[in-house]
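The values are calculated or read from the model by the stated rules, or taken from the named source; none is laboratory data. Nothing here was measured: the structure is a model prediction, and the numbers come from that model. Note that each Cβ is placed from the backbone with ideal geometry, even for glycine, and that neighbours are counted across all protein chains shown. Accessible surface areas use protein heavy atoms only, side chains included; no ligands, DNA or RNA. Shrake-Rupley method; radii C 1.70, N 1.55, O 1.52, S 1.80 Å.
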Amino acid sequence: MTTSDPQLPSSENTVSRHLYYIVLGAVLALLACAAIRRIWPADFWWQLKTGEYIAAHGIPTVDVFSYTVAGARWIELRWLYCLFLHAIHSSIGFGGLSLASAIIIALTWALAAAPALRQPTLAAFIVLPVAILAAAQRYFLRPELFSYFFFAAFLFVLHRQEKSSRPWLYAIPLLQIAWVNLHTVFALGPAIAGLWLVVLLVRTLLSRRQNAPADVQRHLMHALRRAAIVLALTLLACLVNPYGWRSFEHAAQVLRMTHGSSFKEQIVELKGAFDYDAAAIPIFYFRALIVLFVLSLLGNIRKLDAFWTLLVISQLYLSIQSVRNIPFFCLAAAPVAIQNFRRSALLHRPAAAHLVRWLQIPIAVAAIVFCLYFVREFATNRFYVRHLDTNQFGLGLAQHRAPIEAERRLREQHWPDPIFSTMVESSYLLYCDHPVFYDGRLEVYGEDRFDEYRRIVETESGWKQAAKSYGFRTAVVGLNSRLINTLAADPNWRLAYIDDVAGVFIRADTPGSPASALTSSDLIALTDPVRRSLGPPIEWNAAGFLTSIASSVPYQQLGAFALALGFPGIAEPILADALRAYPADAIARKYHGQCLEAAGDLRGAIADYELALTVLSTDPDLLLRLANQYMTAAQPARARPLVAKALAAAPQNPRAWALQAALLAADSHWPEAVRHMQKAVELEPGNAEFRAYLEIMRKNSAAR
């Protein structure tokens, strides 16, 4: 039984309802603008290719796309999603896929919020916009969209079951059959049904202990039996997939990936919600929604529903474990918080009811302004630019995400296999029928293969060993990859092509490869066409109120690429373009500082590094670069806390130990300086500079 909001006189009730629908319209506009976005996820391409394969050959059971694990077992529970992508793309193209994604998001929120929106309530003005924004970072075309949809559908069915004597609950196993064939997080379905059963069991036992009326006990027993049957059917429904019982094995594998694995350490979407900077808009509003939910619990503490409260808390736990689970929490918490506020005894007191009547218009106006502000943020791409995201409002493919031109040149020039490509680029190459070394199908490759991929990308020794073992002839590498530094220093490889996403390197002995090492004129010839294709940036500070903004990221990545190749003079004007596009791009600011440092502009480098540090406050490389500049400027007192912070963040960083040794030496603490420099040499034994400084420090220590 629900309790309505404080009753208002009829005329005020009419005003309240009018305001409610106006605000609801603003909320819907916010949701529409947040949901209508272009296709951005890197995994999209291999999933589209998988759908094409299924349409032609049937559901795969072994890998057919890589040359490293070809023939390995492949359990693809997202097969129906992949087929969905292929069907929509074949009929109405990329724009149709974007539109389908937006429709799914809208239907998801309609199912989740409908039970809480039957009565106009002030709480909805506040809670819904916050929840929509908290989930906004996950509104792109990925298979978990269907998990969000089915999660909301389960909640809708359970709400209907609470209000009706009809057997709505039996819809859950039918929904589960679709869910298990669309996404790997299908196990949430049985978990929800199991929680429903447990709560009913506890209520039944309590009713017996409290000698509740016989008809109440009969009703609870009937509901309990129905819930048990539904749970059993839901578990059986999980077996209705091409892989049978292995679906549960696969779900357990996915769960392990989010708890203490290499995947969790490196894959952004597997990181916990509190591992992100609170300044990120979705994370800020996720935290705000937690506060609103807790306040709603406190306001309705005596009338809390055990099932809905436990469900929201469970989804909060999952969100803390992995950021991609935040929408589950938002979909569960928003309607529960709204209903808790509506039922709050506090708001039914005369003074509170009077305050509600007085505040409804100001809060409604504030909610409308708030929603319209974010409508503009999404529609003009400012939301994406602020998050250094190349996605865009609209339909079709996002720009600057897939190596389309690089792949075209790869085919035209017939550059040889085997190709090594970084993970984001691999997905598109796979779509274009190139066998790949590694791609986003993490569960196919396993953790050991992922660790090998990381060593290749992150270490010189890992790359050289793999290049020898696998015989790489071509490398397609994202412009922001650490591998660029290794390839630039390797005389066996030549840069052959650059687009706005990736660089293509080929073996020096490949016919038609550049005859000599890269020169500045060579790099200018390669980067100028990319700069022309990007065009001059739309300056953030000069853009009109409703002008669409372009991302700084393509300029930032192209500049970082030139810098990694050892050409700061070429990188500097490109990075300056990135800062014109978005002055708060801390990554571009850091790289621009490196260019100024290379040019000997000490003051400019320090200024850039200090600005970058306001955002990248725990970046060890930035901390050490700024500390080094402070030492060059004879300001060791400002350098010390930065080096200490870098050591705390990256205790295995040899540069941090070396810089700390230099600071100790500057204060004539020679024994401590020697110990720190010894640690730097242990961590990087091949560094001749470290060894030379260690000998100098040992001599000074002995002389003292």
Fill in the blank from the handout: Once amide hydrogens are built 1.01 Å from N within the peptide plane, the residues lying 5 or more places from VAL436 or on another chain with amide H under 5 Å from its amide H are SER66, TYR67
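Could you please report the charge total around ARG691, scoring K, R as +1 and D, E as -1 over all other residues with beta-carbon less than 14 angstrom from its beta-carbon?
Numbers: positive: LYS679, ARG698, LYS699; negative: GLU682, GLU684, GLU689, GLU695.
Net charge in that neighbourhood comes out at -1.
Write down the Å³ per residue value for the convex hull defined by the alpha carbon atoms of region 615-692. Please list the in-between numbers first.
Details: hull volume 6.5 nm³, N = 78.
Spread over its residues, the Cα hull of region 615-692 gives 84 Å³ apiece.
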Practice task
Mind pulling the angle between the C-alpha long axis of helix 602-613 and the longest principal axis of the chain? Nearest 10 degrees, somewhere in 0 to 90.
Solution key: 20 degrees
Exercise for the section: Kindly work out what percent of the DSSP beta bridges joining two residues of the chain are antiparallel, to the nearest 5. Expected result: 70 percent
Handout entry: Efficiency of FRET between PHE545 and LEU236 - r from beta-carbon atoms, R0 45 angstrom, step 0.05
Key = 0.20
Practice task
Take the Cα coordinates of region 353-392, assign each an equal point scatterer, and use the Debye formula without solvent to give log10 I(q)/I(0) at q = 0.17, 0.18, 0.20, 0.21 Å⁻¹.
Solution key: -0.55, -0.57, -0.62, -0.65
Completion exercise
Relative to the chain, whose Cα atoms define the longest principal axis, helix 620-632 and its Cα axis are tilted in degrees, nearest 10, by 40 degrees
Fill in the blank from the handout: Under the 7 Å Cα-to-Cβ spin-label approximation, CYS432 and ALA252 lie apart by a distance in nanometres of 4.1 nm
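Just the Kirkwood number for region 497-601, please: inverse of mean 1/r across all distinct Cα pairs, in Å, one decimal. Let's see the in-between values first.
Working: mean 1/r = 0.0685 Å⁻¹.
Final number for the Kirkwood radius of region 497-601 is 14.6 Å.
Report the relative contact order of region 453-547, percent, no decimals, based on alpha-carbon pairs under 8 angstrom and at least 6 residues apart.
On the way: 94 pairs, mean separation 18.9, N = 95.
Once normalised by length, the contact order is 20 percent.
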Practice task
Report the accessible area of SER164, computed with a 1.4 Å probe over the heavy atoms of all protein chains in place, in Å² rounded to the nearest 10.
Solution key: 30 Å²
Completion exercise
For GLN392, the residues 5 or more places away or on another chain with a placed amide H closer than 5 Å to its own amide H are ARG38
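Any chance you could run the full-extension gain for HIS57 through ALA599? It's 0.36 nm times the residue separation minus the Cα-Cα distance, nm to one decimal. Numbers along the way, then the final one.
On the way: separation 542, 0.36 × 542 = 195.12 nm, distance 5.78 nm.
Roughly 189.3 nm would be gained on extension.
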Fill in the blank from the handout: Taking the alpha-carbon centre of each part, the distance from region 86-132 to region 667-704 in Å is 61 Å
Handout entry: Probe 1.4 Å - accessible area at VAL62, Å² to nearest ten
Key = 60 Å²
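Just to make sure I understand: if all protein chains stay in place, what is the order of LYS645, LYS699 by accessible area at 1.4 Å, largest first? Could the numbers behind the result be given before it?
Details: LYS645 90, LYS699 145 Å².
Listed by decreasing accessible area, they come as LYS699, LYS645.
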Completion exercise
Once all protein chains are kept in place, THR632 shows an accessible area at probe 1.4 Å, nearest 10 Å², of 90 Å²
Exercise for the section: Using only Cα atoms, tell me the angle between helix 553-564 and the longest principal axis of the chain; keep it within 0 to 90° and round to the nearest 10. Expected result: 30 degrees
Practice task
Multiply the residue separation of GLU695 and ALA648 by 0.36 nm, subtract the distance between their alpha-carbon atoms, and state the gained length in nm to one decimal.
Solution key: 14.3 nm
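In the chain, which longest range has no chymotrypsin sites (Phe, Trp or Tyr not before Pro) that are both DSSP loop (not H, G, I, E or B) and surrounded by at most 13 other Cβ atoms within 10 Å? Let's see the in-between values first.
Details: sites that count: TRP245, PHE545.
Here the longest run is 246-544.
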Practice task
For the chain, calculate the relative contact order in percent as a whole number, restricting contacts to Cα pairs under 8 Å that are 6 or more residues apart.
Solution key: 13 percent
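Exactly which trypsin sites (Lys or Arg not before Pro) in region 85-194 are in a DSSP loop and have at most 15 other Cβ atoms within 10 Å? Don't skip to the end; give the middle numbers.
Details: sites: ARG118, ARG138, ARG160, LYS163; in loops: ARG118.
Listed in order of number, the matching sites are ARG118.
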Completion exercise
Rounded to the nearest 0.05, FRET efficiency between HIS354 and ALA633 (Cβ-Cβ, R0 51 Å) equals 0.25
Problem - Paired Rg and Dmax values of region 326-409, which use every Cα atom, in angstrom - result: 21.1, 73
Problem - Debye intensity ratio I(q)/I(0), log10, the chain, q values 0.09, 0.10, 0.11 Å⁻¹ (C-alpha model) - result: -0.92, -1.09, -1.25
Completion exercise
Counting only backbone N atoms under 15 Å from a point 7 Å out along Cα-to-Cβ of ARG225, the residues of region 151-167 in range are 167
Fill in the blank from the handout: The farthest towards the positive end of the charge dipole of the chain, of the residues PRO511, TYR445, LEU546, given +1 on Cβ of Lys and Arg and -1 on Cβ of Asp and Glu, is LEU546
Handout entry: ILE506, ILE363, reordered so the largest accessible area comes first (probe 1.4 Å)
Key = ILE363, ILE506
Practice task
Take every Cα-Cα distance within region 41-135, group them into 10 Å bins from 0 onward, and report for each bin the whole-number percent of pairs it holds.
Solution key: 14, 33, 22, 19, 10, 2
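What do you get for Rg/Rh over region 455-535 if you use C-alpha atoms and the Kirkwood form of Rh?
Working: Rg = 12.9 Å, Rh = 13.3 Å.
Expressed as Rg/Rh, it is 0.97.
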Fill in the blank from the handout: Rg (one decimal) and Dmax (whole number) from the Cα set of region 123-219, in Å, equal 17.1, 52
